[in-house]
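The values are calculated or read from the model by the stated rules, or taken from the named source; none is laboratory data. Please read these numbers as outputs of a predicted model, since none were measured by experiment. Using ideal geometry, Cβ is built from the backbone for each residue, glycine included, and neighbour counts are taken over all protein chains shown. Surface areas here come from the heavy atoms of the whole protein model, side chains and all, with no ligands, DNA or RNA. Shrake-Rupley method; radii C 1.70, N 1.55, O 1.52, S 1.80 Å.
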Amino acid sequence: GNSVTQMEGPVTLSEEAFLTINCTYTATGYPSLFWYVQYPGEGLQLLLKATKADDKGSNKGFEATYRKETTSFHLEKGSVQVSDSAVYFCALRKSNQGGKLIFGQGTELSVKP
Amino acid sequence: DAGVTQSPTHLIKTRGQQVTLRCSPISGHKSVSWYQQVLGQGPQFIFQYYEKEERGRGNFPDRFSARQFPNYSSELNVNALLLGDSALYLCASSLVSGRGDEQYFGPGTRLTVT
């Protein structure tokens, strides 16, 4: 079936360090791919998305590229800030399943000053 | 513009009771989806409604039901509560229900079953 796998957390980085959170997926066809962020005590916010192979989503310094050949959508940021501390979720959505999002288990990021 | 709103914010119920959670979508959005997020896990899809009709259902028992009203707001009902139903319940709205349509999430309702 369709699924998303993220790297285990928590990830602890120092401020201004480079961030990579790995995400791989299993799905037939060409799903849309998303990264959501959840700050403590809040709901989910869409961070970025890509709807076809080789698309690059970007927002607030975060980037992710839809890699069909490796079924991956890794999240990167060149220089993290303390305010980026949150839980990050990778998700996919199939074209024949309407609005249903399938999420990974989440990766907690903690950025220290 | 107001975002997705959910009520109540928190509630505590006893095993066997029934609960109703409410969601108001962003103005103009016609689709509402519900997700269950157990602590430490990613959200799991429960239902999607579009134009008051069920468009999708996740792998949840029949104790879970939902409906959408003419103003596009929605209710999620859970009967015969179990301890395992304790979770954050998220509502998301979107303009339509297509593949590329962006979903906006509410802050969630934290349900604790004792």
Legend entry - Full-stretch length increase - A:Ser110, A:Thr26 - with 0.36 nm per residue and alpha-carbon distance subtracted: 27.5 nm
Inset, instruction - Take the alpha carbon atoms of the stretch A:13-68, find their center, do the same for the stretch B:41-85, and report the distance between the two centers in whole angstrom. - result: 26 Å
Inset, instruction - Within the stretch B:14-108, list the GluC sites (Glu not before Pro) lying in a DSSP loop whose Cβ has at most 16 other Cβ atoms in a 10 Å radius. - result: B:Glu51, B:Glu102
Inset, instruction - Identify the GluC sites (Glu not before Pro) of the stretch A:44-113 meeting these criteria: DSSP loop state and at most 15 other C-beta atoms within 10 Å of the C-beta. - result: A:Glu69
Inset, instruction - Over the whole of A:41-54, what's the average partner chain Cβ count within 10 Å per residue? Rounded to a whole number, please. - result: 3
Legend entry - Per residue accessible area of the stretch B:53-110, 1.4 Å probe, in Å²: 45 Å²
Inset, instruction - Calculate what fraction, in whole %, of the accessible area of the stretch B:32-93 sits on carbon and sulfur atoms when a 1.4 Å probe is rolled over the protein chains. - result: 48 percent
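Counting only heavy atoms of the protein chains, get the accessible area per residue of the stretch A:4-111 (1.4 Å probe) and round it to a whole Å² value.
43 Å²
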Inset, instruction - Once you have the Kirkwood Rh of chain B from its Cα pairs, apply Stokes-Einstein at 37 °C and 0.692 mPa s and quote D in µm²/s. - result: 235 µm²/s
Inset, instruction - With a 1.4 Å probe on protein heavy atoms only, work out how much accessible surface A and B bury together, total over both chains, in Å² to the nearest 100. - result: 1600 Å²
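Hand me the chymotrypsin sites (Phe, Trp or Tyr not before Pro) from the stretch A:8-81 located in a DSSP loop with no more than 12 other Cβ atoms within 10 Å, in residue order please.
Answer by residue number: A:Phe18.
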Inset, instruction - Return the sequence-ordered ³J(HN,Hα) values of the stretch A:18-26 in whole Hz as given by the Karplus equation 6.51 cos²θ - 1.76 cosθ + 1.60 applied to θ = phi - 60°, using x for Gly and Pro. - result: 7, 10, 9, 10, 7, 9, 10, 9, 10
